[in-house]
Amino acid sequence: MTDVGLLHNMSVPPRSTVQVSRSALPGLRYFVDCRWLSPTIVQGLRSEGAAAMLALLQNGDGNVDEVTDKTSKEVEERALDCLTLALADRGVPRQIGVFVPEDHRPRDVHRLSRAATLAVLARRSGPLYLPRRRFNPSLIAPLTAVLVFPEE
C-alpha cells in the first residue's frame with residue numbers, strides 16, 4: 001500500500017514530451033484547394049452536372065442559365081474535354097492517387113488549377129483518385145488535401 005502514495009503526487013510537471021512528425025509519402029504531389037467551392041456551386045454541380053461544370057469552367061460562376069441544353073451530349077463532351085486538358089496541363093499522371101488531408105499548402109507541392117481540381121474531385125472515391133473512373137460532377141465535395149501519386 002505504500003506505492004499508492006506515489007500516484008497522488010501530481011504536482012510535478014512531466015519530464016518527457018512526445019513530438020509526432022508525419023513522414024511524407026514519396027511521390028508526385030499536388031495541392032487540392034477547394035476553399036473557393038461555395039455550397040451554392042457544389043449544389044449546382046450536383047443538380048445540373050456537366051452543364052454546371054462547363055459554366056463554372058467557362059464563366060467562373062457555375063451559372064447554368066446561359067447553357068441552353070443542359071442535358072446535351074455535346075455539353076458533357078465539352079466539359080470532359082476541358083477537364084482532360086486541365087489534367088494534362090498540370091501533368092497529373094493517369095495512375096491511382098491518394099488524398100491526404102492537409103489544411104495548408106506544403107512546400108514543394110504543385111498547385112492544381114480550379115479546372116484540374118474539379119477533374120480530380122469528379123474522379124474521387126473516398127481517399128482515392130481513380131483516373132479511369134468516369135467523370136461525375138455529383139461526386140464533387142469540398143476538400144483541402146494533397147493528392148499523392150506514390151512512387152512504384
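Length gained on full extension, ARG133 to GLU151: 4.4 nm, using 0.36 nm per residue less the C-alpha separation. Once the chain from ASP89 to ARG46 is taken as fully extended at 0.36 nm per residue, the excess over their C-alpha distance is 12.9 nm.
Using Cβ point charges alone (K and R +1, D and E -1), the dipole size of the stretch 25-150 about the Cα centre works out to roughly 580 debye.
Computed from the C-beta positions of LYS73 and TRP36 and an R0 of 35 Å, the FRET efficiency is 0.75 to the nearest 0.05. Taking amide H as placed 1.01 Å from N in the peptide plane, the amide H of LEU112 sits under 5 Å from that of PHE31, ASP33, each at least 5 places away or on another chain.
Values quoted throughout were computed directly from the atomic coordinates according to the rules given, and no laboratory measurement underlies them. None of the values given here were measured: they were computed from a predicted structure. Because the Cβ atoms are built from the backbone with ideal geometry, glycine has one as well, and the counts that use them run over all protein chains shown.
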